[in-house]
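To start, the structure under review is shown below, and the notes come after it.
The values are calculated or read from the model by the stated rules, or taken from the named source; none is laboratory data. Note that the structure is a prediction, hence the values are computed from the model and not measured. Every residue, glycine among them, receives a Cβ derived from its backbone with ideal geometry; neighbour counts consider all protein chains shown. We work out accessible area using only protein heavy atoms, side chains counted, and drop any ligands, DNA or RNA first. Shrake-Rupley method; radii C 1.70, N 1.55, O 1.52, S 1.80 Å.
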Amino acid sequence: MSTHRFVRSALGALAAGMLLTGCSLVPPTALTSSGPPSASSTPPARPGSATTVPPSGTPSPATAPAASELPRGGRELFPRYRLFGYAGYPGAPGQGRLGTGDLEARMNEIEQRGRAWRGGRELLPVMELIAVTVHGSPGADGMYRTRAPESVIKRWHDVATEHRALLLLNIQPGRARFIDEVKHFEKWLKYPDVGVALDPEWAVGKGQVPGRVFGSTAGKDLNDVATYLSGLTTANNLPEKVMLFHQLHVSIVKQPKDLKQQPGLVYINAVDGIGSPGAKVATFRAVMRTRPSFVHAGFKLFFTEDVATGKRLMTAAEVLGLKPQPEYILFE
């Protein structure tokens, strides 16, 4: 059974009236958990990158790091760039196209396919790595999730650097808290080309099991992550950092208006329901009515599931014609 068929079967009646995303449950043995980096750890310098400092406190003028830029220049994302990318995890087809075949080939494909989606902007490729994967069994720590090993993140970050792309660390937290999972990757988030993508449909509470219920988050929980990322960005003199949250239904994010603007942070609300063009547009419009005005729009398409359920993929003209216009396009 494919991953998506498994998820739809597991959630059963809960799927009625709601569109499922392509984020998926995989066996815990598919990934390994690695120890969290030290809060004071600093990534090695590379040409063109800024020297980094720990995020706590404000650096003095004598130690303040030099300002760094986005992979393709500048320190602000919008309206200069259109973000366009694929999601995935290496060797896991159910997690998205970016994890299938040769990674270099997929990046070249993003560059080529993305040209039709620029809409008058510059293209900024995105790699959305499933860095925390949810599971249907608790694991040793009872959190129903595992974290990608450092070696995988390094490999993907090296490729992102080579292709002047953004790397977004996608987090499916299970019973863990978003803020704890994000902090686990502090070492990588000090880079100017690394952001996060939160997947709240897989954020469940005590006594709940992912895949049996839809998870959710709230504006105040997103604020905890945003405040942390903003402090990290300011302390390291980084360009704007992406904090994305996926949403397949209005019920997945509670009290979204509680989300507050934070310096140096760009929020993107990516709507990622599966279905026909009409159903996907209806979900997009419903979610967009709940978002704060400073949150940018994103839109997700599924190579296989959208065609299977809706008969075709939406075109660039159709998606870019939405209001508000999506500024991040993701394929899975």
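The set of residues in the stretch 293-309 being open to solvent by 10 Å² or more (accessible area, probe 1.4 Å) and in a helix (DSSP H, G or I) consists of 305, 307, 308, 309.
The residue list 270, 286 contains one member that is surrounded by fewer than 19 Cβ atoms within 10 Å (Cβ to Cβ) and out of contact with any Ser or Thr (no Cβ under 9 Å at 6 or more places or on another chain), which is 286.
Can you tell me which residues in the stretch 116-140 are part of a loop (DSSP other than H, G, I, E, B), open to solvent by 10 Å² or more (accessible area, probe 1.4 Å) and not aliphatic (A, V, I, L, M)? Across the stretch 116-140, the qualifying residues are 118, 119, 120, 121, 136, 137, 138, 139. For the stretch 158-183, a residue qualifies if it is farther than 16 Å from residue 245 by Cβ, surrounded by fewer than 21 Cβ atoms within 10 Å (Cβ to Cβ) and of a type outside the set (A, V, I, L, M, F, W, C), and the qualifying residues are 158, 161, 162, 163, 164, 180, 183.
If the condition is being assigned to a helix (DSSP H, G or I) and either crowded, with 23+ Cβ neighbours inside 10 Å or free of Cβ contacts under 8 Å to residues at least 12 places away in the same chain (or both), then the stretch 141-155 contributes 151, 154. A count restricted to the stretch 201-251 and to residues that are of a type in the set (Ser, Thr, Tyr) and either under 17 Å from residue 298 (Cβ atoms) or assigned to a loop (DSSP other than H, G, I, E, B) (or both) stands at 2.
Kindly evaluate residue 192 against the criterion of being within 22 Å of residue 147 (Cβ to Cβ), modelled with pLDDT of 95 or more and either in contact with a strand residue (DSSP E or B) (Cβ under 6 Å, 6 or more places away or on another chain) or not aliphatic (A, V, I, L, M) (or both). So residue 192 fails the test.
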